Amino acid sequence: MYETRASWASTFMQDKFFAGIRMTSLCEGINSFIKNYLHCKCSLLDFLFNFERAMKKYRHNELESDFKSSYGEPVMTTALSGIEYGAAKILTRSMFWEVKGQIEDALGLNVERSEVANIVMMKMRKISNRRKEYIVVYDKNQKKFVCECGYFEFYGIPCSHIIAGMRSEYIDEFPSNLVSKRWLKIAKSAHVYSISEPSIHSQNMKLLRKGAMSAACNYLAEIACEKDDDFSSVMEDIYKLLRDVQKSRKPGCTTKSAAFNVGDPTVVQGRGAPKKTRTVTKRRHCSNCRGIGHMIRT
């Protein structure tokens, strides 16, 4: 038992969702990425500027991945084309490649099936290793698969054993209950639209909406700034939309052009102690006769 101590943590955490993270490689990768923009001798101003550059790179990569997931369509290469196409339709691109790897592994599994009432029990064995066996249980009433390997509970996507069970039951469509909501293409928009629940604080709602709208506007700006005609058209539409929104909230408030949105900067106090105003100094009086122009010693 002591020799197999490295497997204890995985065994006890097998049914807990960790998004597939098993070690600190994720944060180590982030640290390595940030080090390309920062160094130990940079000033506070340089730190903020370079950190913002790193965040812009992250946001750009996120926008690019969202665009590929929404408008791209991968090539179907496996024999289970229906399951593969269903995964490509609802999952993000990166998670689709993970599921595709499980689909390819499912093609090399042998299935032994037995059924009692509406419960189907399937034993999975690899062709290359027949000694190792996994059991998958399928409930026909609830249309739910459960595998003893715990891969779905840990990672959030179905394992190759479940996919082989789908193949055995002639299920050619990818069921939505076999994937975590966080891996869906609509996960971000669905989360933003769900923040209107009264249990969430209003400030958090504002921040989430602002972040989602900023991401969309950043992507629009990258495309519209390439041509003069697109830039002028988009700017006119933005100001028209701004006027409509302001009219709906504050009647009588209009925005004519960009010049009305730009004003003088706020005057702030300069550095250092505030200037002292000159005050008229009082002339000294003699302590003996209270006269002016001399003292008691003179």
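Based only on other Cβ atoms within 10 Å, what is the fewest-to-most ordering of Trp97, Trp8, Trp183? Each step should come with its number before you reach the end.
Values: Trp97 13, Trp8 10, Trp183 20.
By the 10 Å Cβ count, ascending: Trp8, Trp97, Trp183.
In terms of surrounding Cβ atoms within a 10 Å radius of their Cβ, Ser43, Ser70 rank from fewest to most as Ser43, Ser70. Across the range 20-147, the volume of the C-alpha convex hull divided among the residues equals 174 Å³ per residue. Placing a label point 7 Å from the Cα of Phe67 along the Cα-to-Cβ direction, the residues of the range 213-243 whose backbone N falls under 12 Å from that point are 218-226.
So what is the relative contact order of the range 49-158, in percent, for Cα pairs below 8 Å that sit 6 or more residues apart?
Taking the mean separation of contacting Cα pairs over the length of the range 49-158, I get 13 percent.
Of the trypsin sites (Lys or Arg not before Pro) found in the range 14-94, those that fall in a DSSP loop while having at most 10 other beta-carbon atoms within 10 Å are Lys16, Lys41.
Using the alpha carbons of the range 81-183, what is the convex hull volume per residue in cubic angstrom, as a whole number?
Working: hull volume 9.6 nm³, N = 103.
Considering the Cα atoms of the range 81-183, their hull volume per residue is 93 Å³.
Paramagnetic label reach from Asn129 (point 7 Å along Cα→Cβ; backbone nitrogen cut-off under 18 Å): within the range 150-173, residues 150-152, 159-164.
FYI, it's all coordinate maths here, none of it is from the lab. No experiment lies behind these values; they were computed from the predicted model shown. In this analysis, Cβ positions are derived from the backbone assuming ideal geometry, glycine residues included, and neighbour counts consider all displayed protein chains.
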